[in-house]
Amino acid sequence: MIRAGAAIVDITPPAGLLLSGFAARSEPATGAHDPLTVRAVAVNDTALVVADVIGLHGDMSARIRAACNLPQDNVLIAALHNHGGPVSMAGRLSLASDPAYLARLEAACVEAINQAVANQRPATLAAGLGTDPDVARNRRHAGGTVDRAVPVIRIRAEDGTMIAVVTSYACHPVVLGADNRLWTADYPHFVRRDIEAAYPGAVALFVTGCTGDANTGHSAHASVSLAANPDRTYEAAERIGGRIAQAALAAPEAPLGTRIAVGNAEVLLRQERRETAPPKALAAEWRSEMAGAAPARAALLGHWIDWAENIAPQTLAPMAERVTVLDWGGLPIVGLPGEIFAETALHIRAQLPAESPAIIADFAEDNPGYISPASEFPFGGYEVDEAHRYYGQPAGFAAGSAEALADAAIAQLASQGLTK
């Protein structure tokens, strides 16, 4: 028998805290456009949780799993990765975190899980794929690969009442640019709003898919600007969110089974330096450039100088990262750490039955930075060559790291009988 429950806990910070997500933005938030939340869906003794922050540190996720009312290996915690949220990971993304807010965030995640468990009642699961809303674009290669899947899970009580709708899409929640200083969940806010309007009383949970190279069409470097962009507004976020919600609401569905299972694996990821000049020389070069740079570029260079002086000299050591696979009635939910590219997600999808409405989430458990597939290393660029500086890592992840995560996920899927 299936039992399911859902819960929402507010985590909207007060005005005055720093926003995370853009190196060019150094001013604090002035207020909120929409509430930030932690949303949890508990199915039997497992749970899927999404927090409206740019990332969760693996240490925090481990404490949350240990403190909640479920077996700690049965919980998949992910971040929405909105760039209109607060600093949520100590020591990462170049801005100082607020300890009181981090404690509130951690407690809210535990509370959301426990509330979802307390709200459980007999339920049925159904799932299907929505049509491609044609929103995501590969930001590294014109016309490049994106994951177009819109998986949808509908969870109903025995009387037919909708308990929760879980949907996913692989597009960076970064419609709003660095000029935005309001707390916001970005376009996923509008996805959830429209789904909850269609099913009053239900909880809509949006899972961000593998978006390391996908957004609505601008390059990563286009965000190193404080200038307003007519394509990056709340109106645009509402339009984009509406298209994804419409695809989710129109998705067909088929009943899922009653088996609920979970698998986990730990993968050691190696870091590898890409810079050829020593950190001291880089810091000197960036200081010289900073003297005549525009404010947004100067802010970025300031982060890089701090990295060169304080982080780059650190000894490189493998990082242990967690891969989780939930099996909800035959539907896989895969959780991968960090910023994962579409190529990796599609490789995992290729091992599943055709048209499987599997959810493949990045930013799960931990967000230590971009984990690029080996095929992208010859192209370099922000994600491969630079982002580790902003993430507070001494070096980027070595080629083969994304493939190791995919292999671990596929092994878990196979062990649960979920591959084709």
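The values are calculated or read from the model by the stated rules, or taken from the named source; none is laboratory data. Because the structure is a prediction, the values reported are computed rather than measured. Cβ coordinates were reconstructed from backbone atoms using ideal geometry, including for glycine residues, and neighbour counts include every protein chain displayed. Surface areas here come from the heavy atoms of the whole protein model, side chains and all, with no ligands, DNA or RNA. Shrake-Rupley method; radii C 1.70, N 1.55, O 1.52, S 1.80 Å.
A protection proxy built from the mean count of other Cβ atoms within 10 Å ranks the segments 85-98, 321-334, most packed first, as 321-334, 85-98. Applying the Kirkwood pairwise sum to the alpha-carbon positions of the chain produces a hydrodynamic radius of 21.3 angstrom. At the residue level, Y390 shows approximately 20 square angstrom of accessible surface with a 1.4 angstrom probe and all protein chains present. Using Cβ point charges alone (K and R +1, D and E -1), the dipole size of the chain about the Cα centre works out to roughly 220 debye. Averaged over its residues, the chain has an accessible area of 35 Å² per residue, based on protein heavy atoms and a 1.4 Å probe.
Taking 0.36 nm per residue of separation and subtracting the current Cα-Cα distance, fully stretching the chain between E158 and D132 would add 6.3 nm. For R63, put the label point 7 Å out on the Cα→Cβ axis and report which residues of segment 364-403 keep their amide N under 19 Å from it. Of the residues in segment 364-403, 364-368 have backbone N under 19 Å from the label point off R63. Calculate the dipole size of segment 204-329 relative to its Cα centre from +1 charges on Lys and Arg beta carbons and -1 charges on Asp and Glu beta carbons; express the result in debye to the nearest 20. Here segment 204-329 has a charge dipole of around 60 debye. Ranked from largest to smallest solvent-accessible area, with a 1.4 Å probe on the protein heavy atoms, I410, I348, I8 come out as I8, I410, I348. Of all beta bridges that DSSP places with both ends in the chain, some 75 percent have antiparallel geometry. Close amide-amide hydrogen proximity is noted between Y169 and V207, G209, each under 5 Å apart and 5 or more residues distant or on a separate chain (H modeled in the peptide plane; Pro and chain starts excluded). Helical runs assigned H by DSSP (4 residues or longer) give the chain a calculated mean residue ellipticity at 222 nm of -8000 deg cm²/dmol, each run adding -39500 (n - 2.57) before division by the residue total. The portion of the accessible surface of segment 25-177 made up by carbon and sulfur, rounded to a whole percent, is 49 (1.4 Å probe; DNA, RNA and ligands excluded). Taking the empirical scaling 2.2 N^0.38 Å for compact globular proteins as reference, segment 315-409 has a Cα radius of gyration ratio of 1.11.
Starting from 0.36 nm per residue, how many nanometres of slack lie between Y382 and A96 once their C-alpha separation is accounted for? Contour length minus the Cα-Cα distance gives 100.7 nm. Only Cα pairs under 8 Å and 6+ residues apart enter the sum, and on that basis the relative contact order of segment 68-196 stands at 27 percent. Simple spin-label estimate for A354 and D45 gives 3.8 nm between the two label positions (7 Å along the Cα-to-Cβ direction from each Cα). Label point of T276 set 7 angstrom out along Cα-Cβ; within segment 348-392, amide nitrogens under 20 Å from it belong to 376-389. Given a Förster distance of 60 angstrom, what is the FRET efficiency for A294 paired with E253, based on the Cβ-Cβ distance and rounded to 0.05? For R0 = 60 Å, the calculated efficiency reads 0.75.
Here the Karplus curve 6.51 cos²θ - 1.76 cosθ + 1.60, taken at θ = phi - 60°, turns the phi angles of segment 270-276 into couplings of 8, 9, 8, 6, 10, 5, 8 Hz, with x standing for Gly and Pro. A full extension of the chain between A227 and E266 corresponds to an added length of 9.9 nm, given 0.36 nm per residue minus the alpha carbon distance.
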